[in-house]
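J.: First the structure, then my questions, so here it is.
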Amino acid sequence: MTIEPELIWIVVYVTIGGMLGCLGAHLLPVGGAPAAMGTATGIATGTVQIMLGAVVTGLFTAATVSSFSNNIWLVSLAGAVGATIMIQVVMFMANVLYAFGCGVVPVSGRVAVDPITKAPQTAYKTPQTDGHGVPDVVFISGTVGGFMGGFGGALMYFALLFYANFMYGTAVIAALSIFVANAILAAYNIRGTTEGYWDPKFKKMPKALIGSFCVSVLAGIVVMLATIALGGGA
């Protein structure tokens with residue numbers, strides 16, 4: 001049996017997209033229940049939920065662009081921009097709520113001085129807490145994470161739509177399913193709260209990427225076999 005080049009690209013793009021999703025999740029500001037009480041930095045939700053929310057938005061923009069263009073870079077960048085805008089709006093609104101609802105200043109709980117703006121952090125942090133809101137360095141990390149996650153999700157969607165010849169809805173659902181598996185790997189690494197790139201937990205990221213590679217390759221092979229079995233589409 002001869003395997004068409006398009007089928008190989010499915011595995012390649014799904015693998016790259018899945019790993020970008022896992023990496024992007026490590027960069028997001030995850031706060032969970034502590035953030036809901038204003039006692040930790042980040043967004044008051046879990047790793048999978050915040051990453052999935054960003055990617056769903058990115059897939060909306062990617063699907064819109066894919067309706068009139070089959071350019072892989074255009075579709076993938078559309079997904080990245082959509083996810084980035086979504087996560088930026090969420091982080092901005094979280095800061096508005098923290099500042100005017102809880103009366104706390106967005107400060108990091110991991111560093112004494114913001115690595116980007118060089119603004120002091122410790123003096124504005126409430127004692128016995130792990131920071132507040134989404135400080136500058138966390139906002140930048142979350143922006144990069146949203147961009148990577150959205151790009152990865154849209155890349156998988158493109159491969160499923162144009163190479164596997166899935167229907168629009170099937171391609172979106174399949175891309176999200178693969179993405180969730182990779183986000184869960186990141187969640188096991190993070191285990192609670194994280195400030196993204198500047199958080200000590202980010203050092204565990206390489207281990208998650210190894211797992212992400214294995215899961216994504218397997219998912220790509222399953223999609224490829226499904227495409228062959230269904231005669232080139234689903």
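J.: Being at pLDDT below 95, touching a strand residue (DSSP E or B) at 6+ places or on another chain (Cβ under 8 Å), of a type in the set (G, A, S) and at positive phi is true for just one of G232, G196, G131. Which residue is that?
T.: Only one candidate qualifies: G131.
J.: Looking at (1) surrounded by fewer than 19 Cβ atoms within 10 Å (Cβ to Cβ); (2) touching a residue at least 40 places away in the same chain (Cβ under 8 Å); (3) in contact with a His (Cβ under 7 Å, 6 or more places away or on another chain), which one does P106 not meet, given that it meets all the others?
T.: Looking at each condition in turn, P106 falls short on (1).
J.: Does region 17-32 include one or more residues that are within 18 Å of I184 (Cβ to Cβ), part of a helix (DSSP H, G or I) and without any contact (Cβ under 8 Å) to a residue 40 or more places away in the chain?
T.: no
J.: Can you pull out every residue in region 100-137 that is touching a helix residue (DSSP H, G or I) at 6+ places or on another chain (Cβ under 9 Å) and part of a strand (DSSP E or B)?
T.: V107, S108, V113, D130, G131, H132, listed by residue number.
J.: Related question: With the structure loaded, tell me whether T227 is surrounded by 23 or more Cβ atoms within 10 Å (Cβ to Cβ) and modelled with pLDDT under 90 or whether it fails that test.
T.: No, not satisfied.
J.: What pairs can you find where one residue is in region 163-177 and over 17 Å from I221 (Cβ atoms), the other is assigned to a loop (DSSP other than H, G, I, E, B) and aliphatic (A, V, I, L, M), and their Cβ atoms are less than 6 Å apart, with a gap of 6+ or different chains?
T.: T170/A234
J.: In contact (Cβ under 8 Å) with a residue 40 or more places away in the chain and either aliphatic (A, V, I, L, M) or touching a Ser or Thr at 6+ places or on another chain (Cβ under 7 Å) (or both), is that true of A80?
T.: Yes.
J.: Identify, by number, the condition in (1) over 22 Å from the mean Cα position of the chain (by Cα); (2) under 21 Å from V172 (Cβ atoms); (3) aromatic (F, W, Y) that W73 doesn't meet.
T.: Among (1) over 22 Å from the mean Cα position of the chain (by Cα); (2) under 21 Å from V172 (Cβ atoms); (3) aromatic (F, W, Y), W73 violates only (1).
J.: For region 147-193, which residues satisfy the criterion of being hydrophobic (A, V, I, L, M, F, W, C), assigned to a loop (DSSP other than H, G, I, E, B) and surrounded by fewer than 23 Cβ atoms within 10 Å (Cβ to Cβ)?
T.: If the condition is that a residue be hydrophobic (A, V, I, L, M, F, W, C), assigned to a loop (DSSP other than H, G, I, E, B) and surrounded by fewer than 23 Cβ atoms within 10 Å (Cβ to Cβ), then M167 is the only one that fits.
The values are calculated or read from the model by the stated rules, or taken from the named source; none is laboratory data. Values in this document were obtained by computation on a predicted structure and should not be read as measured data. Ideal geometry is used to build each Cβ from the backbone, glycine not excepted, and the neighbour counts take in all protein chains shown.
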